[in-house]
Structure formats: structure tokens, C-alpha cells
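Here's the structure we're looking at; comments come further down.
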């Protein structure tokens, strides 16, 4: 049976566009009630029984039996062996990608991750002290595919931020360890690594066990069970975000070869059936050309079935009145990945307010951002780019305010605080300030 990828064809001039558009965008982040309950049970069990529960769930869900947790820990020597054993081309690619990711996050740290202070006219010191988290956990998916790039994107900014302990968990179904993932952990500076996954791994990181140390924050993507577990443990530990299906939005003016754009749409659709790929373009003939390339290229793709389901179920090719209107629609979507496939991308970039990452120009494929451009590929999904940011150095730091009030400053600030505290009915607050006044 011939596979067909049939993304919805929409037009902004249609009277039904808004309804059709909303229906295509809709995706519920609510997990199935059965998953929520199962995850809650696993978390409670790991919190109660620790290592024993983690071992039991790892055997049950990953088909990996071990006598103790020590057998599931990857040593630094094992990580180095994996790095030394992979092909030279992979070693070079991994090291080059890591260097670019590190360079970008070093620049990010200088821009927003440094402590600062100043003294005002009366000598009062005010400022901000930035310190790294002590220990973080990174979750690396390891079920349907292996993601060494996720190791780099989570561990390197933590390392640059100054985190001392970076604990990696990665499921290895039936004990199959991906050498590139292990090599990436070696390159990225992972401190300890365990071959455990799922909700039980999140629980182990959040609560700590006799073997797995309790962390301060958990980052990294995972399946519905992992997402639900991260949501449940938030408050006990920090988390980066609750990730939804991957997304790409391409704004095209019709100047990019249509097969390039078709493959860019494929690049997200191949993740899973719920991934979303959308093209916005004011040139109807160009949209037709992209559809022809979709039809031509689909049979050549190893993950053709997943791509076809994704594009047919959630994809869209949208004809707009103009590029300006395309930019406005993009802001409504707030996509995870936004490609501006245009001869003059900097003309349109100022109009774009909401996106996880913006890829400017025809040569900037989203896949380069996934692996080696430098900026982080852990991005907000499902419209959360309206209020969220990519994973970065700042996610592995915390900020403390610095206040040192001089004697002279206390005379001014004390009177202000006294008036406001009395207004709130908090007399002890008022008197604490008043005791420091000279008169």
C-alpha cells in the first residue's frame, strides 16, 4: 500500500480558516489518567523502597535485570572506552559539536550569568549573586532512538554554569548501550551515569536512593511517563519544562528549493506521529511544488510511515496573503523551531516575537541547530515559547539578592519601610526599621 502524506491545505482568505487552523494546532498536554496514576504509584514506591524499587521497574519495563544498582552505573572508564571505540569521524563530529555548544553557552554565561553590584549615593550596596546549582540530573531518552545530542545540550550548559555533579540517567532496553551516547557523556563532562529510565529514574533523581544521589533539578526530554513524573516531582526539585511533541514552522517566500523545505518538514515529522510541521507561504504555486516534493521524497525515507502519519494528522500547508501575515500567524503559533526561508530573512525577523529558536535563511536548516550550531536544542513547545525560553546556562544557576544598607541609608529607607509596614499592620516590621533610626 502506497504511503500518502497529506498535510492540510489551508488558506487565510477562507472564511473557515480560523476554525480549521485552531483544530490543526490543538494538542492536549493532559496525560491519560491511567498514566498519571501509574506514575504516581511508581514515584511513591521509589520514594519508599529506593534502589529495590528502581531495580524492579528497570527489570520490568526495560528487560534489564541487575543484582544491584552498582551494576547499572556506568563508570568514567566505561564512558572513555566508548569514546575511544567509536569511529574517528564520530569522535571528531562529537568533539566539534561539543566545542560549539560550549562556546555558545560560555558567551551566554558572560551575558546573563555573572554576579553584579553597585553602591548608591548613601553607600548602600545592592546587587545580585549568581551561584550554580550543586547537583543536577539529566534525562536522556533511550527507547525508540538514541540521542547523544541531548547529552551535549543538557550537560554542557550545566558544566559551563559551574554545576559540580551532573548525574545522567538513560534507559538501555535489554541492556543495549549506545556507544555514541556514552561517548557524548564522556565529552560533556557527566559525573555519574546510570542505565535506568522512565518514571522510576525521575523518582530516583528527585528523592535520592542509597545509590542515586538526590539532585536539585532535572532536565531533558522523555516519553509521557517521564513528562508526567517531572510534573509530579516539581517543587521537590526544579525541572526545565514539560515538553510536548516536536514542532517546525517554515516561513517561506518561495525562493528556497522546494525539496529543501519538504525535507525540513520531514525533519520534525520523523520524530513521532504527534510532531507538527507547518509551512506558511504567500505563493500558492510554491506550496504546490513543496507538496510534489513531499510525495516524491516520502518513499525514500526510512521513517516514512511516521512522517506520513505526522503530516496527515497534524501538518499544514497554509497559503497566506503576505509574508507579513505569515509572521503574524507564526506569533500566534509560537513554534518550537521557526525557519525563515527567505532571500532577506532579516527583513522579517523583527516581526517575529515568539519562537523557541529562529533559523534565518535558506541554508540554516533546523537540523543544524539540533546537533552542532551552538544554541541549545531543548526548546519550549506547544505554544509555551510565548513565555518560556530555551534551556541555557541560566537554568543551572540561581540568583541571590545582595543588600548591605549603610547607616546613612538606614535613615532614609527605615522611614519608608516604617510607613509601609504600619500601613500593612505589621508593627514588628516597622519597629525593626525604626530601631535603626537615629531620632
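The values are calculated or read from the model by the stated rules, or taken from the named source; none is laboratory data. Please read all numbers here as calculations on a predicted model, not as lab measurements. Quick reminder, even Gly has a Cβ in these numbers, built from the backbone with ideal geometry, and neighbours come from all protein chains shown.
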Conditions (1) without any contact (Cβ under 8 Å) to a residue 60 or more places away in the chain; (2) over 18 Å from the mean Cα position of the chain (by Cα); (3) crowded, with 18+ Cβ neighbours inside 10 Å; (4) not in a helix (DSSP H, G or I): number failed by residue 286 = (4)
remark   = Residues of the stretch 368-387 being crowded, with 18+ Cβ neighbours inside 10 Å, in a helix (DSSP H, G or I) and touching a helix residue (DSSP H, G or I) at 6+ places or on another chain (Cβ under 7 Å), in sequence order, are 370
message = What pairs come out if I take residues in the stretch 59-85 that are assigned by TED's automatic domain parsing to the domain that holds residue 181 and on the phi < 0 side of the Ramachandran plot and pair them with residues that are assigned to a loop (DSSP other than H, G, I, E, B) and surrounded by fewer than 16 Cβ atoms within 10 Å (Cβ to Cβ) whose C-beta lies under 6 Å away, six or more apart or interchain?
response = 59/65
ask   = Going through the stretch 108-150 one residue at a time, which ones are more than 22 Å from residue 398 (Cα to Cα), in a helix (DSSP H, G or I) and touching a helix residue (DSSP H, G or I) at 6+ places or on another chain (Cβ under 7 Å)?
value = 148, 149
message = With the requirement that a residue be surrounded by fewer than 20 Cβ atoms within 10 Å (Cβ to Cβ) and more than 18 Å from residue 301 (Cβ to Cβ), what does the stretch 245-281 give you?
response = 245, 254, 255
query = If you check residue 186 against the conditions, is it over 22 Å from residue 240 (Cα atoms), surrounded by 14 or more Cβ atoms within 10 Å (Cβ to Cβ) and touching a residue at least 60 places away in the same chain (Cβ under 8 Å)?
reply = yes
ask   = Can you name every residue in the stretch 222-231 that is surrounded by fewer than 19 Cβ atoms within 10 Å (Cβ to Cβ) and farther than 21 Å from residue 376 by Cα?
value = 224, 231
inquiry  = Residue under question is residue 341, and the condition is that it be in contact with a helix residue (DSSP H, G or I) (Cβ under 8 Å, 6 or more places away or on another chain) and surrounded by fewer than 23 Cβ atoms within 10 Å (Cβ to Cβ); does it hold?
reply    = no
key: Odd one out for residue 417, checked against (1) at positive phi; (2) not assigned by TED's automatic domain parsing to the domain that holds residue 278   = (1)
ask   = Just for the stretch 325-356: of the residues that are within 17 Å of residue 256 (Cβ to Cβ) and part of a helix (DSSP H, G or I), which one is farthest from the chain's Cα centre (by Cα)?
value = 347
query = Any residue in the stretch 7-17 that is over 24 Å from residue 190 (Cβ atoms), assigned to a helix (DSSP H, G or I) and over 28 Å from the mean Cα position of the chain (by Cα)?
reply = yes
ask   = Based on what the data block shows, is residue 131 touching a strand residue (DSSP E or B) at 6+ places or on another chain (Cβ under 7 Å), within 30 Å of residue 404 (Cβ to Cβ) and buried (at least 18 other Cβ atoms within 10 Å of the Cβ)?
value = no
task = Taking the options 56, 36, name whichever one is surrounded by 15 or more Cβ atoms within 10 Å (Cβ to Cβ), part of a helix (DSSP H, G or I) and free of Cβ contacts under 8 Å to residues at least 60 places away in the same chain.
result = 56
message = Condition (residue is more than 26 Å from residue 19 (Cα to Cα), assigned to a helix (DSSP H, G or I), in contact with a helix residue (DSSP H, G or I) (Cβ under 6 Å, 6 or more places away or on another chain) and without any contact (Cβ under 8 Å) to a residue 60 or more places away in the chain) applied to the stretch 301-324: is it met by at least one residue?
response = no
ask   = When you go through (1) at pLDDT below 95; (2) at negative phi; (3) surrounded by fewer than 18 Cβ atoms within 10 Å (Cβ to Cβ) one by one for residue 117, which number turns out not to apply?
value = (1)
note = Quick count over the stretch 194-221, residues being on the phi > 0 side of the Ramachandran plot and either surrounded by 24 or more Cβ atoms within 10 Å (Cβ to Cβ) or touching a helix residue (DSSP H, G or I) at 6+ places or on another chain (Cβ under 8 Å) (or both), is 2
ask   = What is the number of the single condition among (1) over 25 Å from the mean Cα position of the chain (by Cα); (2) loosely packed, with under 12 Cβ neighbours inside 10 Å that residue 110 does not meet?
value = (1)
message = Please determine whether any residue of the stretch 65-73 is in contact with a strand residue (DSSP E or B) (Cβ under 7 Å, 6 or more places away or on another chain) and surrounded by 12 or more Cβ atoms within 10 Å (Cβ to Cβ).
response = yes
remark   = Conditions (1) assigned to a strand (DSSP E or B); (2) free of Cβ contacts under 8 Å to residues at least 40 places away in the same chain; (3) closer than 18 Å to residue 382 by Cβ -> residue 359 fails only (3)
